[in-house]
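The structure under discussion appears below in the form of structure tokens.
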Amino acid sequence: MKVLVPVKRVIDYNVRPRVKPDQTGVDLANVKMAMNPFCEIAIEEAVRLKEKGIATEIVVVSIGPAQAQETIRIGLAMGGDRGILVQTDARTEPLSVAKIIRAIAEEEKPGLIITGKQAIDDDNNQTGQMTAALLGWPQGTFASAVIKDGDKLMVTREVDGGLQTVELSTPAVVTTDLRLNEPRFASLPNIMKAKKKEIAIKSPADYGVDITPRLSVVKVTEPKKREAGEKVADVDTLISKLKSAGAI
Amino acid sequence: MAVLVLAEHSNSALNDATGKVLSAALAFGGDVDILVAGENARPAAEAASKLAGVRKVLLADGAPYGKPVAEALEALIVPLMGAYDALFAPATTNGKNAAPRIAARLDVMQISEITAVIDKDTFERPIYAGNAILTVRSSDAKKIVTVRGTAFPAAGAGSGAPIETVAVPSGPFASKFVREELSKSDRPELASAKRIVSGGRALASSDQFQQYILPLADKLKAGVGASRAAVDAGYAPNDYQVGQTGKVVAPELYVAVGISGAIQHLAGMKDSKIIVAVNKDEEAPIFAVADYGLVGDLFKIVPELTEKL
């Protein structure tokens with residue numbers, strides 16, 4: 001079974017995002033970028049499926065600027081076999097990204113598309129579900145376990161009340177939650193080897209997809225700041241403060 | 001203009017999230033209908049019909065909808081959308097699972113987790129884990145929106161809207177519900193709890209999490225939450241997680257015990273009315289958002305607090 005893993009290049013999760021003074025967005029100039037953490041988990045899961053003999057080939061896909069090649073290389077160093085970069089400097093939205101992934105899936109015919117449940121920049125949580133809908137495939141979102149059972153996939157999902165298991169026919173789309181696995185670090189020899197792996201460079205037009213955004217940014221602002229309160233000396237003071245604030 | 005609200009419910013009861021989505025839909029404007037998709041879900045539909053501002057309730061009642069998979073909701077809702085200008089769904093795991101499928105089928109770019117309605121095209125939503133607020137304008141003719149419940153008031157009581165039944169697609173669908181393991185608890189549910197006690201990595205074990213956090217929560221009649229670090233370490237189940245990728249909460253009182261206050265966690269609780277932090281590290285970032293901070297050993301402070309409350 002071929003596995004397609006769409007990944008996104010985003011601000012490194014350790015970096016505190018700063019809103020630009022002109023309110024047009026978040027300042028990404030000279031900021032450390034990295035693979036979206038949920039996408040790293042998706043790569044790791046694909047590599048584990050390959051190690052179990054279930055996945056036969058792992059294709060790492062990214063839609064983004066030229067630098068997204070570095071993100072694909074990380075995926076290849078972790079165990080991906082080859083990459084596809086759909087290169088664009090334009091702002092992309094989940095709907096157009098899902099259309100591009102659909103077109104790639106129609107060419108590549110994977111048995112599974114596995115990707116992060118959301119990207120930590122736009123926090124949209126849409127791309128996997130939209131891709132599944134456009135392809136008419138089943139989905140297992142927010143996965144904390146993925147088990148192949150014959151030609152079915154059993155996906156355990158993190159839901160509001162606990163855990164839920166769904167059975168998917170294949171091909172299918174799975175999106176990863178945090179506890180699916182712990183991604184490995186790419187070793188130096190694997191990073192060197194990944195430099196020789198093939199990355200095909202494409203454009204959205206190659207797939208006939210119009211990526212004109214449907215949503216326009218009116219402004220991006222700082223959230224309301226919360227003022228720090230006071231440190232209290234002991235439990236008795238805390239209780240009396242909470243009582244006078246009407247909290248207890 | 002007409003808006004369809006997707007209800008969150010348990011078949012036998014309506015979840016509070018529904019009323020909050022309704023408030024967002026009423027702020028958007030037009031006639032608002034509520035869709036209750038379930039199995040033996042008439043009690044939930046009746047509860048929905050008693051909310052203020054509802055034109056009518058659509059009840060889609062059938063076996064595939066007892067625990068509906070996203071594919072089943074897509075099959076039901078996409079045809080209904082011919083009569084509506086917008087779909088407002090809760091930003092719960094159910095809503096997040098299904099709404100993007102419906103949006104993609106309608107060729108609409110969804111607007112996720114809105115926290116304010118500015119006008120019929122313009123919405124506010126947090127991005128970068130709440131470190132920035134995006135005001136976004138949609139050029140799509142129809143709007144597909146998910147709503148962050150904590151940002152909107154609960155709906156009031158109405159005089160009773162009519163309930164209409166709608167035909168349900170029978171399936172089969174490409175995915176199938178197999179089973180659910182839900183945390184059993186008599187405590188208030190996190191999303192609607194007035195008070196929450198959350199534990200972090202400093203609890204150091206599942207046993208100590210239960211031994212220290214639960215009695216305090218019981219004393220306060222509070223829901224129980226946890227930081228991602230505590231959940232990852234196995235001290236608490238996944239559905240306790242408060243934060244960017246877990247639950248977003250805004251109770252009257254939030255007590256953070258042994259939680260350092262990573263950005264990820266703050267994103268999920270910083271809209272709480274009063275925040276109390278107990279932590280041994282006086283430099284912990286949680287103190288920057290806490291109304292009352294107590295620096296010290298949680299294993300001494302928490303039992304004392306529990307006893308004296």
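Any read-out appearing in this document is the output of simple, stated calculations on the displayed coordinates, not a laboratory observation. In this text, all values refer to a predicted model and were calculated from it rather than measured experimentally. Note: ideal-geometry Cβ built from the backbone for every residue, glycine included; neighbour counts use all protein chains shown.
Worth a mention:
- Dipole-positive endmost among A:76, A:54, A:65 within segment A:52-103 (Cβ charges, Cα centre): A:54
- Only Cα pairs under 8 Å and 6+ residues apart enter the sum, and on that basis the relative contact order of segment B:1-133 stands at 24 percent.
- Exposed loop sites here mean GluC sites (Glu not before Pro) with a DSSP loop assignment and at most 11 other beta-carbon atoms within 10 Å; chain B contains its longest site-free run at B:1-281.
- Nearest-20 debye value, the protein assembly as shown charge dipole, Cβ charges on Lys, Arg, Asp, Glu: 460 debye
- Share antiparallel - DSSP beta bridges, the protein assembly as shown, percent rounded to 5: 35 percent
- Scattering profile of chain B at q = 0.08 Å⁻¹ [log10 I(q)/I(0), Debye over alpha-carbon scatterers]: -0.39
- Computed from Cα atoms alone, the Kirkwood hydrodynamic radius reported for chain A is 19.7 Å.
- Crossing angle, helix A:235-244 versus chain A [Cα axis fit, 0-90 degrees, rounded to tens]: 80 degrees
- For residue B:64, net neighbour charge (Lys/Arg +1, Asp/Glu -1) across residues whose Cβ lies under 10 Å away: 0
- Relative contact order of segment A:25-106, defined on C-alpha pairs under 8 angstrom at six or more residues apart (%): 26 percent
- Ascending count of other beta-carbon atoms within 10 Å, so fewest first, for B:272, B:49, B:185: B:185, B:49, B:272
- Relative contact order (percent, whole number), chain B, Cα cutoff 8 Å, 6+ residue spacing: 14 percent
- Computed log₁₀ I(q)/I(0) - Debye formula, equal Cα scatterers, no solvent, the protein assembly as shown, q 0.07, 0.12 Å⁻¹: -0.40, -1.21
- The overall shape of segment B:192-309, judged from the alpha-carbon gyration tensor, is rounded, with an a/c ratio under 1.5.
- For segment B:135-269: lysine pairs under 22 Å (alpha-carbon distance), excluding those fewer than 8 apart on one chain: 8
- Put a plus charge on the Cβ of each Lys and Arg, a minus charge on the Cβ of each Asp and Glu, and nothing anywhere else: the dipole of chain B about its Cα centre is then about 140 debye.
- Only Lys, Arg (+1) and Asp, Glu (-1) charged, at Cβ; segment B:163-309 dipole about Cα centre in debye: 160 debye
- Environment charge at residue B:101 (Cβ cut-off 10 Å; Lys +1, Arg +1, Asp -1, Glu -1): -1
- Listed residues A:21, A:94, A:170: farthest to the positive end of the dipole of chain A (Cβ charges): A:21
- Here chain A is scanned for trypsin sites (Lys or Arg not before Pro) in DSSP loops (not H, G, I, E, B) that have at most 15 other Cβ atoms within 10 Å, and the longest stretch holding none of them is A:92-183.
- Cα gyration tensor, segment B:1-90 - rounded (a/c under 1.5), prolate or oblate: oblate
- Peptide A:116-126, shielding by other chains (average Cβ, 10 Å cutoff): 6
- A:16, B:148 arranged by Cβ crowding within 10 Å, fewest neighbours leading: A:16, B:148
- Environment charge at residue B:157 (Cβ cut-off 15 Å; Lys +1, Arg +1, Asp -1, Glu -1): 0
- Options B:258, B:213, B:69, ranked by Cα towards positive dipole end of the protein assembly as shown, top entry (Cβ charges): B:258
- Excluding same-chain neighbours fewer than eight residues apart, the lysines reachable from residue A:109 by a Cα-Cα span under 16 Å are A:2, A:99.
- For B:291, B:121, B:207, order by how many other beta-carbon atoms lie within 10 Å, fewest first: B:207, B:121, B:291
- Computed from Cα atoms, the angle from the helix A:68-78 axis to the main principal axis of chain A rounds to 80 degrees.
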